[in-house]
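This report refers to the structure that appears directly beneath it.
Laboratory data are not the source of any read-out in this text; all were calculated from the coordinates shown. Since the model is a prediction, treat every value here as computed from it, not as a measurement. Don't worry about glycine lacking a Cβ; one is built from the backbone with ideal geometry, like all the others, and counts go over all protein chains shown.
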Amino acid sequence: GAGVSQSPSNKVTEKGKDVELRCDPISGHTALYWYRQSLGQGLEFLIYFQGNSAPDKSGLPSDRFSAERTGGSVSTLTIQRTQQEDSAVYLCASSLDWRNYGYTFGSGTRLTVV
Amino acid sequence: AQSVTQLGSHVSVSEGALVLLRCNYSSSVPPYLFWYVQYPNQGLQLLLKYTSAATLVKGINGFEAEFKKSETSFHLTKPSAHMSDAAEYFCAVSPSNTGKLIFGQGTTLQVKP
């Protein structure tokens, strides 16, 4: 596609429920990143995919968070048993050659846990 | 661990005035440095990047930044602010070969008429 697409754009969920956030990167971009943006913590790295594998998942805050990428394309970030502190904007970015072209970010999914 | 510090969480300038947003980084190796802009309810847009070529980097919308190794700085400037420049600006460093970004806390730029 023309840009990085994230869905849903907004999600309100009840505490304790599971949620899935989707990222559709630019076609052909082999690298995919998830970040979280919250008021108290700023922008935090969560996980990096190269193709379908995740060589760096050091930013996932707990074992309630997981992510996968299939076909070298779409990625889903799953949060189990959501907590109020999970409320944030989750941003996805993709890149073909980050050193020369940087990254393209999606508009994010705003997650609110009530 | 590598880090990025943006001095000033809020900067206010008058329309037509110089914009200066400060960014200092800590890095044990030559870094890749980026400036991103975020408009309300939008994702991040790349303004410019430093990747060890020219130390003065020109970006979009009239912004530029100068990499100063001796000062470990990568400050963002624009000679004349426009109202449309009002947004949040993030400085970021990529400390590894994976390309993951470490962001500063962001600076909100307000432009007064």
Backbone N within segment A:1-41 under 17 Å of label point (7 Å from residue A:96 Cα along the Cβ vector): A:1-5, A:25-33
Using the 2.2 N^0.38 Å rule of thumb for compact globular proteins, work out how the protein assembly as shown stacks up: its C-alpha Rg over that value, please. 1.02
Cα→Cβ-extended label distance, 7 Å offset, between residue B:83 and residue A:87, nm: 3.3 nm
Give the average, rounded to an integer, of partner chain Cβ atoms located within 10 angstrom of each Cβ in B:48-61. 1
With -39,500 (n - 2.57) per DSSP H segment of 4 or more residues and division by the full residue count of chain A, the 222 nm estimate, nearest 500 deg cm²/dmol, is -500 deg cm²/dmol
Could you tell me the relative contact order of segment A:1-69? Use alpha-carbon pairs under 8 Å, at least six residues apart, and round to a whole percent. 21 percent
Neighbourhood net charge (15 Å Cβ-Cβ; Lys/Arg +1, Asp/Glu -1) for residue B:97: 0
Assigned charges on the beta-carbon of Lys, Arg, Asp, Glu; chain A dipole about Cα centre (debye): 120 debye
If each residue's Cβ is checked for other Cβ atoms within 10 Å, how do A:99, B:22 rank with the fewest at the top? A:99, B:22
May I ask for the equivalent-ellipsoid semi-axes of chain A, computed as the square root of five times each C-alpha gyration tensor eigenvalue and listed largest first in whole Å? 23, 14, 13
Report the semi-axes of the equivalent ellipsoid for chain B in whole Å, largest first, where each axis is √(5λ) for an eigenvalue λ of the Cα gyration tensor. 23, 14, 12
State the Cα centre-to-centre distance between segment A:2-49 and segment A:93-111 in whole Å. 11 Å
Lysines with Cα under 22 Å of residue B:58, excluding same-chain neighbours fewer than 8 positions away: B:49, B:68, B:69, B:78
For a quick check: sort B:82, A:29 by the number of other beta carbons within 10 angstrom, fewest at the front. B:82, A:29
Among residues other than residue A:40 whose Cβ falls under 15 Å from its Cβ, what is the net charge (Lys/Arg +1, Asp/Glu -1)? -2
Cβ density ranking, 10 Å radius, fewest first, applied to A:107, B:26 yields B:26, A:107
Taking alpha-carbon centroids only, segment A:53-83 lies from segment B:1-69 a number of Å equal to 29 Å
Tabulate in residue order the Karplus-calculated ³J(HN,Hα) for segment A:90-98, using 6.51 cos²θ - 1.76 cosθ + 1.60 with θ = phi - 60°, rounded to whole Hz; enter x for Gly and Pro. 9, 10, 10, 9, 9, 7, 9, 8, 5
